[in-house]
Amino acid sequence: MKAEVISEKQNPLTHTKVFWVSVEHAGKETPSRHEMFPEVVKKLGSNDELTVIDKIFSERGAARSRVKVLVYREKKEIPKDKLARQERKVKKFLEKRDKKAEGAEKPAEPAAPHHAKEHEKKAEGE
């Protein structure tokens, strides 16, 4: 995954820096906020507690996404709804990942041959 800053703007009303970042994800689906977050924070050189990924827009026909990132001056300035959404998305991602890991660990039970099931039914019926 490769991130590149497209634009940077200061918003004096909300006391934030608004960044538009282009993230290339060749050969993969659009990454989640959780997957993108470390790469974006590293590219911006910002504090991870003050950075919020606001929007992700996938570019049609390309393995690239445009990401709107907000960097706040202080943690208390982050709106509660944005903070809650980011935490909810990360939690959902972690739960999905854990379910996939559990599914991969469980060995599949061998299926009984179809004719064996019919034989069992006939034996029970007699």
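Take the residues of the range 1-14 that are touching a residue at least 40 places away in the same chain (Cβ under 8 Å) and either of a type in the set (Asp, Glu) or within 21 Å of Gly61 (Cα to Cα) (or both): which is surrounded by the fewest Cβ atoms within 10 Å (Cβ to Cβ)?
Start the filter on the range 1-14 by keeping residues that are touching a residue at least 40 places away in the same chain (Cβ under 8 Å), which leaves 3, 6, 14.
Narrowing further to those that are either of a type in the set (Asp, Glu) or within 21 Å of Gly61 (Cα to Cα) (or both): 3, 6.
Working: Ala3: 20, Ile6: 10.
Among residues in the range 1-14 that are touching a residue at least 40 places away in the same chain (Cβ under 8 Å) and either of a type in the set (Asp, Glu) or within 21 Å of Gly61 (Cα to Cα) (or both), the one surrounded by the fewest Cβ atoms within 10 Å (Cβ to Cβ) is Ile6.
Of all residues being free of Cβ contacts under 8 Å to residues at least 12 places away in the same chain and of a type in the set (A, V, I, L, M, F, W, C) in the range 54-105, which is nearest to Glu29 (Cα to Cα)? Just the residue, please.
First, the residues of the range 54-105 that are free of Cβ contacts under 8 Å to residues at least 12 places away in the same chain: 57, 59-62, 76, 79-81, 84-85, 87-88, 91-92, 95-105.
With of a type in the set (A, V, I, L, M, F, W, C) added as a condition, the list becomes 57, 62, 84, 101, 104.
Working: Phe57: 12, Ala62: 10, Ala84: 25, Ala101: 19, Ala104: 20 Å.
Filtering first and then ranking leaves Ala62.
Looking at Ala3, is it in a loop (DSSP other than H, G, I, E, B) and of a type in the set (A, V, I, L, M, F, W, C)?
Working: in a loop (DSSP other than H, G, I, E, B): no; of a type in the set (A, V, I, L, M, F, W, C): yes.
Spelling it out, it is not the case that Ala3 is in a loop (DSSP other than H, G, I, E, B) and of a type in the set (A, V, I, L, M, F, W, C).
Values in this text are rule-based calculations from the coordinates and carry no lab data. Everything numeric here is computed off the predicted structure, so don't read it as measured data. Note that each Cβ is placed from the backbone with ideal geometry, even for glycine, and that neighbours are counted across all protein chains shown.
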